[in-house]
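What follows draws every value from the coordinates through simple rules; no lab data is involved. Computed from a predicted structure; not experimentally measured. Cβ coordinates were reconstructed from backbone atoms using ideal geometry, including for glycine residues, and neighbour counts include every protein chain displayed.
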Amino acid sequence: MDWVVTEYKKRTGKVFRDPDRAIRKLSQEGQLIKISKGIYKYDPDFIEHKELEDFTEAQKEAIFKRDNYRCVICGKGKTDGVEIHADHIRPKDLGGTATIENGQTLCAQHNFQKKNYKQTETGKRMFIRLYDLAKSTNDEKLLKFCKAVLEVYEKNDINGHIVWKR
Ligand SMILES: [Zn+2]
């Protein structure tokens, strides 16, 4: 506790009036990681990571407001009884940053679907690699299986931007 109080004063110039409450608040904000009751950890890497990639509450509000509090895909919003989320247009793990320009409002369903499509992309890439491997090793059984799976992708027009060369 002494360390947090000193460090907080050094960085912000402010003194905690109620250190117990302040530490709980820092933990809720993700500035401190709760290990167990009364024990918190400060990890600069974790904090930096979080701050860099996640939208702040103010950014979320700005994104929602710009999009009229409606999903940019289906147009549904709170008045239709759906939950809205602030989504990174370019995903975080592909270098997408927490800027309002990189944000879009999605309903819970479309947010889920977007994440789900990423799973199918990973799957398609994996089956393409497996298909190529089966081809190079003349593994007929595996080749037939991969071909069948990849044809399902084609038939349902899923992830067409990932090209499978037969
Ligand atoms: Zn939607």
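Values computed for the structure shown
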| read-out | value |
| --- | --- |
| Where labels lie 7 Å past Cα in the beta-carbon direction, separation of I162 and E57 in nm | 3.8 nm |
| Residues whose placed amide H lies under 5 Å from that of R70, excluding near-sequence neighbours | none |
| Segment S136-I33, extension gain: residue separation times 0.36 nm, minus the distance between their alpha carbons | 32.2 nm |
| Relative contact order [Cα under 8 Å, 6+ residues apart], the range 8-151, whole percent | 15 percent |
| Spatial separation of Cα centroids for the range 123-154 and the range 69-110, in angstrom | 34 Å |
| Reach of K155 by Cα under 16 Å, taken over aspartates and glutamates that are not fewer than 8 positions away in the same chain | E121 |
| Unsatisfied cross-links (Cα-Cα over 30 Å) in the set K118/K144; K41/K124; K41/K76; K14/K41 | K41/K124; K41/K76 |
| Using alpha-carbon coordinates, inclination of helix 57-66 to the longest axis of the chain, degrees | 50 degrees |
| Distant alpha-carbon pairs in the chain (separation over 27 angstrom), percent | 53 percent |
| Integer Hz, Karplus 6.51/-1.76/1.60 couplings in order for the range 29-39, x for Gly and Pro | 7, x, 7, 10, 9, 7, 8, 7, 3, x, 10 |
| Efficiency of FRET from Cβ geometry, N116 and V149, R₀ 25 Å, rounded to 0.05 | 0.90 |
| Computed over the range 5-77: relative contact order in percent, which uses C-alpha pairs under 8 Å that are six or more apart | 12 percent |
| Hz values of 3J(HN,Hα) by residue in the range 115-129 - Karplus curve (6.51, -1.76, 1.60), Gly and Pro given as x | 5, 5, 5, 5, 5, 5, 4, 4, x, 5, 4, 5, 5, 5, 4 |
